[in-house]
Each structure stands twice: as C-alpha cells, then as structure tokens.
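Report on the structure given below.
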Amino acid sequence: SGAVYLTPSITITPITGGVINETDAANLIISGTTTRFDAGKDITVAFSNSADAKSNSVIATVGSDGTWTAAGTNLSSWSDGTITVKATGSNQHNIAAEEASETAQLSTVKPTLTSVVSNPTSGKTGDKIGVTATFSVAVDNATATLGTNDVTWSSGQGSATWIGEVEIPSSSAADTEFTYTVKGFSDTHGNLGDESTSGTVYLTPSITITPITGGVINESDAANLIISGTTTRFEAGKEITVAFSNSKDSSSLPTVIATVDSDGNWTAGGANLSSWSDGSITVKATGSNQHNIAAEEASETAQLSTVKPTVISVVSNPTSGKAGDKIGVTATFSVAVDNATAKLGTSDVTWKSGEDTAVWVGEVEIPTSSETDMEWTYTIQGFSDTHGNLGEPITTGSVYLTPS
C-alpha cells in the first residue's frame, strides 16, 4: 500500500541560434522531451515578449517516446524583443513537472538598402565607376546590377557597407541614366531584404557643332553668322552657350544662347563678325543637360576672310586703235577670282583664260565712236574670290582712239 510518485520532467529544445527571424516567426515550431509522462498527456507552451505585453499559448501532446511538438505559432505581428517560451504540464498521476524555459531573440525587421553612391556619378558607355552600397545593418550575399551589367564587389560581405565597381552598359542616344538593382541580401539573423532599385548613373550628354561650310566665313557670312549643331541626352528647352574668338586679335563677342529643340538640334542666332580682323575663328559650344551633367565642350574653327578682291590693273595691247579693231586685254586681280565680266565702252571682253586665277587674258573689239570721243575705259564687275567675297565694280584702264 502507499506510493511515492517520481517527479516528471519537461525540456524544451533550444531555438536554433537563439534567434527567431522573419521566416521563423510566421510559423514558430517548439518541441521538446519529457520523462514520466504517458503518451497523450498535454504540455502547455506559453510565449511572452519583453518588448510589449503580447502573449500566446499552445497545447502539445506527448508522443509514445516522450517527445512533444507544439503546432506552429505566428509571431509575425510581435515587436522585436526577447521571447520567453515556457512549457508546463502534469503527468498521468497529476504530478506537475518543473516549468521548462527557453529564450530567443525575435528579430524580424528586414535589412534595407540605405543608399547606392557612384563615383563618378556620370560617364559614358564602357567607363568603369566605383560603387558604394550602404545597408541598414550588416548583410551577406548582396548582388547588384547597373542596367544589364553586374557590380563586382571588392568588399562588404558581413558588413553594412559594400564597395565595388561596374562598367556603364551600352546605351542609346535616348538613354539619359541607369539605376542600380540590389537584391539577395540578408542580415545575420537570416532576414531577407526586399529587392531595391536605387542610385543613378547619368550618361554623359554630348554637343556637336555643324562644320562651317568650306571652313571659311566670308564677308556675307560674317554679317550674320548662323551656328547650329546637335545634342544627345538634352531635353528640349535646355540652353547651349556658343562663344566666338579670333586668333588675329583679342576680339570676342558676347556669348550667344541657343535652345535645344525636341529633336536635339540647336541654332544660335546670327552673330556679326563684320568688324573683326581676318583670322582663325574658334567657335565653342557648352551646356549642361536636365540632370546638370555637363557635355564635353564642342569646338570648330573656320577662317574669317572678309577682304574683297580688287582689280589691280587692266592693260590693253595695243593701247590704241580705231573702231572695229580687236585688241588684247590683260586684267590682274589682287587674288584668284571667278566670274569676272568686263566691257570696253559697250563692247564685251571675251576672256580666253583666267577663271580661278588672278590674271585674266582676253580680247575686245573697240566700239563705234564719234569724232569727239578720245578714249574708252574698261568696266569690270561680278568677280569674287575663292571664299565668295564679291569685288566692287570698277572702271579702269584706257584705250585711246586713233586720231585722224
């Protein structure tokens, strides 16, 4: 008669790593063992949180081998803090086991990407640039791409700051920027961060100047010089600054502002270089686009040539004759010219040679004259130099009429 019951026991299997991460918290499984419990007896498993007043409990059933497993508990809505798990129960003799207890850190906050900084912040396709990614906490296994190109990390595993390098991908003229995509990173507790798009690398814009026709600015051009060009990666309405300078002297104009149109083209209003000395004119175009990224300066040069060609002399051979005589004519110009026409009185000079040269040779018939006429002079006009500068009409040279 009489019995002394041996005290039963309950243990809780420690939570792996002492941490409950976001994945674990959604379905937390707690298990353990017992001694001196018949199969089918209940174990009460209670949860509490140091961070707030939340609590929960579940019932587990002892198996035939004395082990027990509590159905998954959802702690997803709980604040991060220290979670205490307690297991209690009484066996078939209604003898209570000593309470078992385990603690673990609830850590469900996902790591986040704080920033991605490029150095430099702009460039062109094929340029290699530095990348620094900063996370809210130390992370592992981060991967990143800039457009279609992978970032190569040189350091960062297990830390909050990752440093690497990336090559700017191929792009079209319409592309103005690339952004980074960062994913795969998890904190030391195994919480996986969300994929993030962050940080911008701006593509370097460009400006071109349309070459000045023939590389020459003649007198006509100089009075109203129109400069135009193209851009890439400039929004319509952005400004291009066009500046002019002269190798011959210190002449410089106030800069001219052009506006980029919807096609990326620009035209600078007419600049007047008429007062400038002939020399080498340099035109430079600069500007920054909508992202405040400066294009490389564009430059073109052209020769300012505004001096008009002149007639130096017109020589007749012979220098005198009578109406109807044919005489030779040699006209000499200050430079090679085209399109010269000449008359002796009312008779046209017929040129035999001279086009594109400074010396023109021809023949003319002495016009009909009255007895009072003593001489005829030449009128030369229409001639222009190779730069398109038109000479002034001139009356020069004499053919004397033979007296009788």
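The values are calculated or read from the model by the stated rules, or taken from the named source; none is laboratory data. Keep in mind it's a predicted model, so treat the numbers as computed, not measured. Backbone-built Cβ (ideal geometry, glycine too); neighbour counts: all protein chains shown.
In table form, for the structure just shown:
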read-out: Residue check, SER122 in contact (Cβ under 8 Å) with a residue 24 or more places away in the chain, among the polar types (S, T, N, Q) and in contact with a His (Cβ under 9 Å, 6 or more places away or on another chain); value: yes
read-out: Qualifying position, being β-branched (Val, Ile, Thr) and without any contact (Cβ under 8 Å) to a residue 60 or more places away in the chain, among ILE207, ILE217, ILE168, ILE212; value: ILE168
read-out: Residue count, the stretch 16-49 (criterion: in a loop (DSSP other than H, G, I, E, B) and within 52 Å of the chain's Cα centre (by Cα)); value: 3
read-out: From the options ASP175, ASP187, ASP194, residue that is at pLDDT below 95 and closer than 30 Å to THR134 by Cβ; value: ASP175
read-out: Residue satisfying condition, being buried (at least 16 other Cβ atoms within 10 Å of the Cβ) and at pLDDT below 95, within set GLY391, GLY397; value: GLY397
read-out: Filter result for GLY354 (in contact (Cβ under 8 Å) with a residue 24 or more places away in the chain, of a type in the set (Gly, Ala, Ser) and at positive phi); value: no
read-out: Selection within the stretch 86-99 - surrounded by 13 or more Cβ atoms within 10 Å (Cβ to Cβ), polar (S, T, N, Q) and assigned to a loop (DSSP other than H, G, I, E, B); value: ASN91, GLN92
read-out: Only listed residue being within 15 Å of THR103 (Cα to Cα), surrounded by fewer than 13 Cβ atoms within 10 Å (Cβ to Cβ), modelled with pLDDT of 95 or more and not small (Gly, Ala, Ser), chosen from ILE59, ILE83, ILE15, ILE29; value: ILE29
read-out: Exclusive hit being surrounded by 16 or more Cβ atoms within 10 Å (Cβ to Cβ) and either β-branched (Val, Ile, Thr) or closer than 21 Å to PRO403 by Cβ (or both), set THR379, THR350, THR346; value: THR379
read-out: Selection count, the stretch 82-104, where residues are without any contact (Cβ under 8 Å) to a residue 40 or more places away in the chain and farther than 12 Å from ARG36 by Cα; value: 2
read-out: Residue match in the stretch 223-245 (condition: buried (at least 22 other Cβ atoms within 10 Å of the Cβ), modelled with pLDDT of 95 or more and of a type in the set (S, T, N, Q)); value: yes
read-out: Evaluation of THR306 against (1) crowded, with 17+ Cβ neighbours inside 10 Å; (2) not in a loop (DSSP other than H, G, I, E, B) (one fails), failing number; value: (2)
read-out: Counted residues, the stretch 51-81 - those being of a type in the set (Ser, Thr, Tyr), in contact (Cβ under 8 Å) with a residue 24 or more places away in the chain and under 16 Å from LEU28 (Cβ atoms); value: 4
